[in-house]
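K.L.:
To start, I am sharing the structure in question, which I have written as structure tokens.
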Amino acid sequence: TPGSVPILAKLRRLGLVDVYERAGFKIGAPGCSYCLGIAADVAGDGEVWLSSQNRNFKNRMGPGSIANLASAATVAASSFNMSVTNPRELLDMIDRDRFNRMLDIWMDKAEEIVISEPNPVLEETRGETIASRNTDSVGESAAEDGEQPIDKSKFITGKVQRFGDNVDTDAIIPAQFMPGVSDEDLGTHAFQYYRPEFREKVAQGFDIVVAGIGFGSGSSREEAPRALNGVRRSPTELGIKAVIAKSYAFIYQRNQANQSLLGLILKDEKFYELAQEGAEVSIDLAGRKIYCGGHSFTFNLSTMEERLITGGGVIEMYSKYSNLLFRAAIAADPESLNRKRLAMGIVEYLDKSVAENFVSGDAAESLEIAKQCIADAFQIDSEDAAQVKELSLKPFSLDKVFEVYLNAQAKVGSTGTSATTESPAEAPAPSGPTDEDRKRADELKAEGNALVSAKQYPEAIAAYTKAIEIVGDNAVYYGNRAAAHSQNGDHAEAVNDAEKALEIDPNYVRAYSRLGRAFFGLGKLKEAVEAYEKGLEMDPGNTVMQSSLDTIKSKLGSLGDVSRSSPAANADSGASASAGAGAGAGGFDFASIMNNPALMSMAQNMMANGGLDSLMSNPAIAQMASNYASSGQMPNMSDLMNNPEIANLTSNLSGMGGSGSGSGSNSGANPLASLLNNPGLMNMAQQFMNNNNNSGRNSGGNNNGGGDNENNHN
């Protein structure tokens, strides 16, 4: 299993994927796989593995499993006879020149490294800048014996749970309990094996973790701080209050702040002598002081870290400040950034109003003056490319944002008309979902996520639908249901849900990815490209979307210009389409049908269950094939479906799902019914029959059928 999409792409480019597949290996989805023992790839109880991962211990790859660690070459050599084998003999057989050529392709070309030191202007706090604090005194005792804080009312206070050095993320949250659907879900398994009493003690007030060096080492998983945030410390409160350690693993430390968990570094050994199990600790965040056992200790915390922690973490900050979240985290006045963005959006809308002739003449001149006044008042410059890049609302515009707002207002039962005809006292209060509603909807979303992980897609769709019925203005619910629809082969519904998600939240990048995937499933490659490109405009570093886009563009290039249009092309272009790459008789795009997931699923089921043999030996099918071979004409669909032999074949195929499949199971579905119900495939089938049947007795009878069907997909 490749570790990432870029690694898989390199393996394909070098032709190594084909080597593995010819040798009988199955290429899994890029990710952690057996290394971490999550999702579908889990080692069995009692199994002994040879693995090239970086570390292991019992249960890591799956409950009851254990792995011996070895080099990748040793693992590969040992795979032939399933016993530990010295790879030297095989390594000596390698063509070194070819190996070095591959290595040159594999290794990214070295780029010139430019080192620059950021020098942001930080806000002044308590008469000094945070940057000017004496970092050499971090963790030094800053008080005489007996000194105590005067007022603890604003301090963070709790009792210590003491840990040692190098507590890793596998200890904090064992792999088999990931991915947790919520912080609280993860919190129920925090330190499950390492310290089983941890959660109970947190509820008793032991809610400040004190550790040694290297806290959070191991896997770079954000679930570790999430689990600590999710431990229940009271009926109404979640999360430990702080972690204090001598040092942290780098990625864990970043994740800790990103997840809004307070993590402090203190090196003074005196503190660790005092902060034993059960000792009381008070933290003065504003004063950068920790109090324990009659002593005070100074710590450093950057403005950015404090803003992330007090602002709810990266996700909450992003929802408020978008891509300016880190600027907001160090700005003296974070809210000014959003005010400037709004002002820039107004200026852009005024420009659009003139450019699209909403106004002209004297009114246009008045808007130009208004733009200058707004720019002066908010200190923005719409001619400054750097400012525009930072503050612009594009690719969206203020009128589109306002349209989304109006749609949201309509959903909660409030209209613009009522606000103008009734006094504020008489206007009805919005009847939106309550906090309890949203909590229940989130639970249903989590249930849907778990069902998707278990590949129970119809049940997942039902869970997401219930969540949407409770809270209809959440883009994530629609986005997740879109993904489930695509997994279930219903790409038309996936398109609807992805577009609805973007209507609610135009900044929801994942919805563009799911829209692109759905269009690809329908054979609408041009639309898929547009969706992925829009998503990449907002998230240029998204390697998954980039890889998908590259794949589709490659496919478009191989199919030629004709195939770039939607499957339901105008019938007038049928003749030219028939000459395009992948096109069959009558302009039918055979490449598209072979890429249709519903057809491929049916074909796999038929081959696995003997259905293909039954199909090819059926006399009705044999006769139909013979007629087509001699005359070149497809049978009339009505005659075909009224043929008793075909009806009998359909009945036989209905039982192909096998016995023992439970209610709602995909394995028990009728593949023929799934095929006939797939709108993308049916559209292609109709085009195929129009191009063939109309060329005979019904020539010219329906030139627009494909186009009409295309319009009905959405």
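The values are calculated or read from the model by the stated rules, or taken from the named source; none is laboratory data. As the structure is a prediction and not an experimental result, all values here were calculated from the model. Cβ: placed from backbone, ideal geometry, glycine included. Neighbour counts: every protein chain shown. We work out accessible area using only protein heavy atoms, side chains counted, and drop any ligands, DNA or RNA first. Shrake-Rupley method; radii C 1.70, N 1.55, O 1.52, S 1.80 Å.
K.L.:
In the range 196-234, what residues are open to solvent by 40 Å² or more (accessible area, probe 1.4 Å) and of a type outside the set (Gly, Ala, Ser)?
P.N.:
Pro196, Glu197, Arg199, Glu200, Lys201, Gln204, Ile213, Glu222, Arg232, Arg233
K.L.:
Give just the number: which of (1) within 26 Å of Ser247 (Cβ to Cβ); (2) surrounded by fewer than 19 Cβ atoms within 10 Å (Cβ to Cβ); (3) at pLDDT below 85 does Val359 not satisfy?
P.N.:
The number of the failed condition is (1).
K.L.:
Name every residue in the range 48-92 that is touching a Leu at 6+ places or on another chain (Cβ under 9 Å) and of a type in the set (Val, Ile, Thr), in order of residue number.
P.N.:
Within the range 48-92, Thr74, Val75, Val84 qualify.
K.L.:
Any residue that is free of Cβ contacts under 8 Å to residues at least 40 places away in the same chain, open to solvent by 10 Å² or more (accessible area, probe 1.4 Å), part of a helix (DSSP H, G or I) and in contact with a strand residue (DSSP E or B) (Cβ under 9 Å, 6 or more places away or on another chain) - is there at least one of those in the range 243-250?
P.N.:
For the range 243-250, residues free of Cβ contacts under 8 Å to residues at least 40 places away in the same chain, open to solvent by 10 Å² or more (accessible area, probe 1.4 Å), part of a helix (DSSP H, G or I) and in contact with a strand residue (DSSP E or B) (Cβ under 9 Å, 6 or more places away or on another chain): absent.
K.L.:
Show me the helices (runs of 4 or more DSSP H) found entirely inside the range 284-350 where at least 1 residues are modelled with pLDDT under 80 and closer than 30 Å to Lys159 by Cβ.
P.N.:
Working: elements: 303-310, 314-321, 325-330.
Of the helices (runs of 4 or more DSSP H) lying wholly inside the range 284-350, none has at least 1 residues that are modelled with pLDDT under 80 and closer than 30 Å to Lys159 by Cβ.
K.L.:
Which residues, taken from the range 180-213, are part of a loop (DSSP other than H, G, I, E, B), over 30 Å from Val452 (Cβ atoms) and of a type outside the set (Phe, Trp, Tyr)?
P.N.:
Correct list: Arg195, Pro196, Glu197, Gln204, Gly205, Asp207, Ala211, Gly212, Ile213.
K.L.:
Condition first: open to solvent by 70 Å² or more (accessible area, probe 1.4 Å), of a type in the set (Lys, Arg) and part of a helix (DSSP H, G or I). Now tell me which residues in the range 371-401 satisfy that.
P.N.:
Lys389, Lys400, listed by residue number.
K.L.:
Does the range 37-80 hold any residues that are buried (at least 18 other Cβ atoms within 10 Å of the Cβ), at pLDDT 80 or above and either touching a His at 6+ places or on another chain (Cβ under 8 Å) or in a loop (DSSP other than H, G, I, E, B) (or both), and which are they?
P.N.:
Passing the criteria: only Ala70.
K.L.:
Give me the pairs, please: first residue somewhere in the range 347-370 and free of Cβ contacts under 8 Å to residues at least 12 places away in the same chain, second residue anywhere and surrounded by 11 or more Cβ atoms within 10 Å (Cβ to Cβ), beta-carbon distance under 6 Å, and either six or more positions apart or on two chains.
P.N.:
As it stands, the answer is Val359/Ser353; Ala364/Val354, since those pairs meet every condition given.
K.L.:
Are any of the residues in the range 263-271 over 30 Å from Cys35 (Cβ atoms), part of a loop (DSSP other than H, G, I, E, B) and open to solvent by less than 10 Å² (accessible area, probe 1.4 Å)?
P.N.:
Looking for residues that are over 30 Å from Cys35 (Cβ atoms), part of a loop (DSSP other than H, G, I, E, B) and open to solvent by less than 10 Å² (accessible area, probe 1.4 Å), one finds at least one in the range 263-271, hence yes.
K.L.:
Going through the range 440-493 one residue at a time, which ones are over 14 Å from the mean Cα position of the chain (by Cα) and among the aromatic types (Phe, Trp, Tyr)?
P.N.:
Tyr457, Tyr464
K.L.:
Right, something else. From (1) among the small types (Gly, Ala, Ser); (2) at pLDDT 80 or above; (3) not in a helix (DSSP H, G or I), pick out the condition that doesn't hold for Ser548.
P.N.:
So the condition that Ser548 fails would be (3).
K.L.:
A further question follows. Quick one: which of Ala343, Ala275 is small (Gly, Ala, Ser), in contact (Cβ under 8 Å) with a residue 24 or more places away in the chain and more than 30 Å from Asp381 (Cβ to Cβ)? If you could, list the steps in order and put the result at the bottom.
P.N.:
Values: Ala343 fails: more than 30 Å from Asp381 (Cβ to Cβ).
Only one candidate passes the filter, namely Ala275.
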